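In what follows, a structure is listed as structure tokens, so that the remarks can point back to it.
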């Protein structure tokens, strides 16, 4: 698809006339992290993390043929292709029926079409930063592991005391 076709409306992109558009084409593969402003339309393959600068209106559009192997961080995310990584959005995530996400999805507003697949958790930010939610979840998991370890050692100590008696 040509950029002129995107701008003329063949692909519905919010604010396309006033924003910067970056396109990763159908037969392209990009290795490494990407930082962008405006709109990033992905039809090819990206192996690396994608994030936006402090652009509150930034948007990622992952085409049906697109593949991202890494984390995505942007206020607005529209997924039609495949993501192998976590998706972090401070505003809106739209997951189309053709989308496949293997990872957690952090969102404020979620629009999920029938037939879409998410192999991970759907976690609502409720105004919080997605990174903080991940750290909190990891801390809770670590605390749970520590508690199980303490319970196991207490159990073993009680068995040792009974054997010595």
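Summary of values
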read-out: For the range 3-127, the Rg and Dmax computed from alpha carbons only, in angstrom; value: 13.2, 38
read-out: Added length on full extension, which subtracts the Cα-Cα distance from 0.36 nm per residue, residue 126 to residue 108; value: 5.9 nm
read-out: Two-site FRET efficiency, residue 143 against residue 69, from Cβ-Cβ distance with R₀ of 25 Å, rounded to 0.05; value: 0.20
read-out: Added length on full extension, which subtracts the Cα-Cα distance from 0.36 nm per residue, residue 117 to residue 91; value: 7.3 nm
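Read the figures in this text as sums done on the coordinates, not as results from a lab. Please read all numbers here as calculations on a predicted model, not as lab measurements. Every residue, glycine as well, gets a Cβ built from its backbone with ideal geometry; the counts of neighbours run over all protein chains shown.
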